[in-house]
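Comments concern the structure below.
FYI, it's all coordinate maths here, none of it is from the lab. Just so it is clear, the model here is predicted, and its values are computed rather than measured. Using ideal geometry, Cβ is built from the backbone for each residue, glycine included, and neighbour counts are taken over all protein chains shown.
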Amino acid sequence: MVEKRVYLETYGCQMNVGDSERLLGFLSEANYAETDDPSKADLILINTCSVRDKAEHKVYSAAGRYRELKALKPALKIAIAGCVAQQKGEGLLKRLPFLDVVLGTQSVHRIVDALEQASNNGRVAMTGESDAIDPDEFASIRARKGDVKAFVSIMRGCDNFCAYCIVPHTRGREASRPPGEIVSEVERLAATGVREVTLLGQNVNSYGLKRAGRTEGSVGVGFPELLRMVAVVEGIERVRFVTSHPKDISDELMGLFAEEPKLCRHVHLPMQSGSTAVLEAMGRGYTLKDYADKFRKLKALYPDMAVTTDVIVGFPGETDEDFELTMEAINELRFDNVFSFKYSKRPGTRAAGFQGQVSDEVKAERLTTLQAAQRDITFELNKERVGSRMKTLVEGRSRNDSRVYMGRTSCNRIVNFTSYDDASGPTMGEIVDVDVTDAYPNSLRGVWSKDLRLC
Ligand code: 5AD
Ligand code: SF4
């Protein structure tokens, strides 16, 4: 079979990155190889995000760029997958006349089928939804030789319906994959050299739970148990997970870090706001006190634990006082990192109809204030690591200086470190001790401890 080429662009969250890996996996079974040159591609695939308006606009401009290529090469297929595809469906085919395939979030495994249909019968939109996971849905994995890290989806969808969020509308109801399937995927990844897996779900803490009013869909194992099962896979040295919902993070899970050394010392715990009134309007199911208690408990149990968060500024009704409360929480809790966003009105969500929408000017001002404060905190916390020895997974090597390597600590900081002995440097995927010598706003610098004797 003649090899075909796919050019893939991915926007959005880690869930989308995971879906892109699956798309490439299914496509490789149909003899597609990835290219980084769109002009050489037989298929251009854009995996889209609609969590904020800006992300959605990027899709239209990205798709527009490829329109001319298609005019030059009529056999070229252009496909849009992901959240925008799920949400807009047929509407995308109407809006973009050069588009061949629209592939929803629950149809990733049908990419090859969709391309065939488009070749035989013309343009196609596949955006079916179902409550149960199709047995084939996660049947592809893409283990690239040389990759030391991989994402593994453990569930899909979300049942929380936070007032601002489009995800439950684009990714459907929560459903968990059977644990045996997840473990065997991790085993296959380990066999190709993967050393670190990140388990993915919108709300991993509710993995395997029987939801109220639903008897089907229980997989008999909860999230802490799943983590234990994954951590014992031979060859896997590190396990991470995202995202934890603060209302669902349990004492059992918090206790697990002491028991399970492979579990990385990092939790991403989206706070969203420091004002309990705003949290209530968002429908988050916790107060600031509940959140801060959980945060402090994690830090008290594990002083080296990194906690990162997400914050939305300018949610409808957010007053100056509410924003002040968010700033107080930022300054008191001192997160290792904060991903902050201006509230973006998403069609079909509850908050889109709320009174008190905040002007873009005020949102921009609040975002700047928050980001400036957090930049200093992240830098300060990085500086506190200088002088310590940190276990680092070796992920890459500098192109400019072969003695410089790049890795990540258990607490998810990037470390660039030097190994003076060129001939016997560390290997990719190895976990080495790095002595941290300098801190930067977004990374650390250090020396491989084995090489200290050479300095
Ligand atoms: N506007 C702004 N930010 C949003 N997020 C989700 N929906 C919106 C929205 N409508 C943010 C939340 C979430 C992160 C992935 O994206 O902070 O945790
Ligand atoms: Fe969106 Fe809330 Fe679900 Fe997260 S928990 S995906 S913010 S609805």
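Evaluating 6.51 cos²θ - 1.76 cosθ + 1.60 at θ = phi - 60° for every residue in segment 411-416, the Karplus couplings come out as 7, 6, 8, 7, 10, 9 Hz, glycine and proline recorded as x.
Relative contact order, whole percent, for the chain stands at 10, derived from Cα pairs under 8 Å and 6 or more residues apart. Altogether, the Stokes-Einstein calculation at 4 °C and 1.567 mPa s, with the Kirkwood radius of the chain over Cα pairs as Rh, returns a diffusion coefficient of 55 µm²/s. Each label was represented as a point 7 Å from its Cα along the Cα-to-Cβ direction; for S39 and T437 these points are 4.3 nm apart. Close amide H pairs (under 5 Å, H built 1.01 Å from N) link T437 with G387, R445, G446, V447, residues at least 5 positions away or on another chain. Only one residue of V230, P178, N120 has its Cα farthest out toward the positive end of the dipole of the chain, where Lys and Arg carry +1 and Asp and Glu -1 on Cβ, and that residue is N120. Less than 5 angstrom separates the built amide H of A125 from those of V102, all sequence-distant by 5 or more or on a different chain. When you restrict to C-alpha pairs under 8 Å that are six or more residues apart and normalise by the size of segment 272-313, the relative contact order lands at 42 percent. The 3J(HN,Hα) values that the Karplus relation (6.51, -1.76, 1.60; θ = phi - 60°) gives for segment 393-405 are, in residue order, 7, 7, 10, x, 9, 5, 6, 8, 9, 5, 8, 9, 10 Hz. Gly and Pro appear as x. Using the alpha carbons alone, the radius of gyration of segment 91-201 stands to its Kirkwood radius in an Rg to Rh ratio of 1.03. Relative contact order of segment 276-428: 18 percent, from C-alpha pairs under 8 Å at least 6 residues apart in sequence.
With the Kirkwood sum run over all distinct C-alpha pairs, segment 308-403 has a hydrodynamic radius of 16.0 Å. Between segment 1-64 and segment 93-108, the alpha-carbon centres lie 12 Å apart. The equivalent ellipsoid of segment 289-332 has semi-axes of 25, 10, 9 Å, largest first, where each one is the square root of 5 times an eigenvalue of the Cα gyration tensor. Panel values: segment 258-308, Kirkwood radius from alpha carbon pairs, Stokes-Einstein at 37 °C and 0.692 mPa s, translational diffusion coefficient 272 µm²/s. Farthest towards the positive end of the charge dipole of the chain, among the residues T192, G356, Y60, is the Cα of Y60, using unit charges on the Cβ of Lys, Arg, Asp and Glu. For segment 240-377, the Kirkwood hydrodynamic radius comes to 15.7 Å, computed from all pairs of different C-alpha atoms. Using only the C-alpha atoms, the convex hull of segment 226-314 corresponds to 92 Å³ per residue. Peptide packing for 232-244, 102-114 was compared via the average number of neighbouring C-beta atoms within 10 Å per residue; ordered from the highest value, the list is 102-114, 232-244. Exposure proxy ranking for S344, S449, S39, based on other Cβ atoms within 10 angstrom of each Cβ and starting from the fewest, stands as S39, S449, S344.
Less than 5 angstrom separates the built amide H of D159 from those of E174, all sequence-distant by 5 or more or on a different chain. Rg and Dmax of segment 1-160, based on Cα coordinates, read 14.9, 46 Å. Put in order of Cβ neighbour count within 10 Å, fewest first, the listed residues R408, R265 become R265, R408. Counting only Cβ charges, +1 for Lys and Arg and -1 for Asp and Glu, the dipole size of the chain around its Cα centre is about 700 debye. The order of the peptides 148-154, 246-252, 411-417 by mean Cβ neighbours within 10 Å, most packed first, is 148-154, 411-417, 246-252. For the pair S250 and E68, a Förster radius of 56 Å applied to the C-beta separation gives a FRET efficiency near 0.60, rounded to the nearest 0.05.
Calculate, for Q14 and Q117, the FRET efficiency according to 1/(1 + (r/R0)^6) with r their C-beta to C-beta distance and R0 25 Å; round to the nearest 0.05. Taking R0 as 25 Å, the efficiency between Q14 and Q117 is 0.25. Ordered by the number of other Cβ atoms lying within 10 Å of each residue's own Cβ, fewest first, C83, C264 fall into the sequence C264, C83.
Note on segment 333-455: Kirkwood radius taken over Cα pairs, Stokes-Einstein applied at 20 °C and 1.002 mPa s, translational D equal to 126 µm² s⁻¹.
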